[in-house]
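Bear in mind these aren't lab numbers, they're just calculated from the coordinates by the rules spelled out. All values reported here derive from a predicted model rather than from experimental measurement. Using ideal geometry, Cβ is built from the backbone for each residue, glycine included, and neighbour counts are taken over all protein chains shown.
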Amino acid sequence: MSASPRFLRATFARDFAIATRSGGGWFYGLLFFALFATLSGLAIGPERASLAIAAPAIAWLATAFALQLASADCFESDFRDGTLRVLAAENESLAPYYVGKLLSLIATIGVPLICVIPVVFLMFGTPASDVSGAAALIIIGMPALLVIVLFAAAIATGLRAAGLLASLIGAPLAAAPLIFGVLSVKSLFERGVFWSPETMLVAALGLFFGVLLPPFSIAALRYGLE
Amino acid sequence: MGPYQTSWNVRARDLGCDRGGRAIVRGVSFTLESGDALQLFGANGAGKSTLLNVFGGVATPAEGALHWQAGPAASWDARTPQRQVLFLADAPSVKAQLTAHEHLRFWAAAYGLPNGDRESAISAALERVGIEKLKDTRAERFSAGQRRRLDFARALLARRPIWLLDEPTAALDAQSAEVIGVAITDHLSAGGVAIIATHATLNAPSKRLAIG
């Protein structure tokens, strides 16, 4: 086996161990998700009809914010302690490192979010028969959101107020997946259509950003070290 | 330590580098052959670390040329052979949440050490730098010197012929600095090259070049 798959697996294992030990970004991301959904529900009021209308937007926004929060300083720790500089000097490509980080983010925040998203829909009065479909639609949108938040984190690495800057960079890029993601869930609720044109667009955006952003993220990490 | 498979030579001609758009180093020229070491010395901010970044391919030189040669018969190449480089940053690249063993397991995998050799290589490296008893202790409990020694243990795992070391003996007592000096001497004896930015005088045979 070449060094790259080992390097990828090692990055994943290291980041997973650190994340589960330190109560890092994933914990705050999940906490934020729960708080945002709960406070939104309280702000909307007790009417079930109003809650049901707001459910798709709240679930999508909470997911996007939680991912953003969990990943904002994803590369920052490695930048600060010199690990990123060492890895950049000792490897022609940071691609295995990037993929390891992405997989670690999926394991530490993506999977927990997938587990709690159905709870939010139930809280907001979504019929039980639609909950799994609505959660699946958010899962379809997650790849786009994940590569966007990692791109924003890579651009902001090493800069002052990196976490805040990452949020500002990521927000405009996340607009399209969020808009079509919310519409795809509404389409499921109102017309019972899972594979609507909006769902196709969300999947296409995931593919588009998934191809486009990782190379730019990796280049941004190297450029940030110069 | 057995000899390296490839002996590397490095040549710099009128090398210069900038930081924040300001020229900080100009006119660096030297040639190192397999078995040579170069100590870069100079005041804080003189550009030693920036120069090491250029050697490591992390930064681009503002002027001049840097070339690498994989053995006397090979052609000179401007690209840094990064898979042959061991880079030690000025601060120890150590994660507080990981034990010494976990830290080195990450680097052993990053360096592509076969699974079968990994544990013995990690134990040998920890023993060599004198922290084998801290194998299962998290680095958050390490002193600054112990962190530096753990970081240096990477150099012994990597088995890479080009060492770029930034202040390798910072925060170390005389005995630990001696261990690192011996490791560098062994590395050179095995045919490696080393470029070392340092304030201290290392106990290893080397050329010296003033920066700034």
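If a spin label sat at a point 7 angstrom from the Cα of B:ALA144 along the line to its beta carbon, the backbone N atoms of segment B:160-186 nearer than 15 Å would be those of B:167-174, B:177. Neighbour counts of C-beta atoms inside 10 Å place B:SER206, A:SER129, B:SER123, A:SER71 in the sequence A:SER129, B:SER123, B:SER206, A:SER71, starting with the fewest.
Please give the net charge around B:ASP173, taking every other residue with its beta carbon less than 12 angstrom from that of B:ASP173, where Lys and Arg add +1 and Asp and Glu add -1. Surrounding charge for B:ASP173 is +1. Each semi-axis of the equivalent ellipsoid for segment B:71-120 is √(5λ) with λ an eigenvalue of the Cα gyration tensor; in descending order they amount to 29, 17, 7 Å.
Compute the FRET efficiency between A:ILE44 and A:CYS115 as 1/(1 + (r/R0)^6), taking r as their Cβ-Cβ distance and R0 = 22 Å, and round to the nearest 0.05. The calculated FRET efficiency here is 0.40. Built from the Cα atoms of segment B:103-148, the convex hull projects on average onto 3.3 nm², one quarter of its surface area. Averaged over peptide B:57-63, the number of partner chain Cβ atoms lying within 10 Å of each residue's Cβ comes to 3.
Can you give me the angle between helix B:144-158 and the longest principal axis of chain B, using Cα atoms only, in degrees from 0 to 90, rounded to the nearest 10? The angle comes out at about 80 degrees. Legend: P(r) of segment A:40-83 from all alpha carbon pair distances, 10 Å bins from 0, whole percents, reading 25, 31, 20, 14, 9, 1.
A Cα-only calculation for segment B:92-184 places Rg and Dmax at 12.2, 35 Å. Normalised by residue number, the volume inside the convex hull of the Cα atoms of segment B:140-199 is 79 Å³ per residue. The equivalent ellipsoid that matches the C-alpha gyration tensor of segment A:7-125 spans semi-axes of 35, 12, 11 angstrom, in descending order. Solvent-free Debye calculation, one equal scatterer per alpha-carbon of chain B: log10 I(q)/I(0) at 0.12 Å⁻¹ equals -0.61.
Taking only the Cα atoms of segment A:121-212, the ratio Rg/Rh comes out at 1.07, with Rh defined as the Kirkwood radius.
I want to verify a result. In a Gaussian network model of chain A, Cα cutoff 10 Å, which of these has the top mean-square fluctuation: A:ALA128, A:ALA37, A:ALA55? Greatest mean-square fluctuation among the candidates belongs to A:ALA128. For chain B, a crude dipole built from +1 on the beta carbon of Lys and Arg and -1 on the beta carbon of Asp and Glu, taken about the Cα centre, is about 280 debye to the nearest 20. Restricting the calculation to alpha carbons of segment A:8-76 gives Rg and Dmax of 15.6, 49 angstrom.
With a 10 Å cut-off around each Cβ of B:100-107, the average count of Cβ atoms from other chains is 3. By other beta-carbon atoms within 10 Å, ranking B:SER189, A:SER4 with the fewest at the front produces B:SER189, A:SER4. Here the extension length gained between A:TYR223 and A:ALA136 equals 27.7 nm, from 0.36 nm per residue of separation less the Cα-Cα distance.
Using the alpha carbons alone, the radius of gyration of segment B:12-113 stands to its Kirkwood radius in an Rg to Rh ratio of 1.02. Calculated FRET efficiency, B:ALA124 to A:PHE27, Cβ-Cβ distance, R0 = 56 Å: about 0.90 to the nearest 0.05.
Between the beta carbons of B:GLU178 and B:THR137, assuming R0 = 25 Å, the FRET efficiency works out to 0.60 to the nearest 0.05.
Compactness of the protein assembly as shown is given as radius of gyration and Dmax, 25.2, 81 Å, from Cα positions. Per-residue extension of 0.36 nm, minus the Cα-Cα distance of B:GLU33 and B:ARG79, leaves a gain of 14.9 nm for this segment.
The equivalent ellipsoid of chain A has semi-axes of 33, 18, 15 Å, largest first, where each one is the square root of 5 times an eigenvalue of the Cα gyration tensor. Computed over the Cα atoms of segment A:90-152, the ratio of the radius of gyration to the Kirkwood radius (Rg/Rh) comes to 1.14. Exposure proxy for B:TYR4, A:TYR98, A:TYR223: other Cβ atoms within 10 Å of each Cβ, ordered fewest to most, give A:TYR223, B:TYR4, A:TYR98.
Relative to the Cα centre, the charge distribution of the protein assembly as shown, modelled as +1 at Lys and Arg Cβ and -1 at Asp and Glu Cβ, gives a dipole magnitude of about 220 debye.
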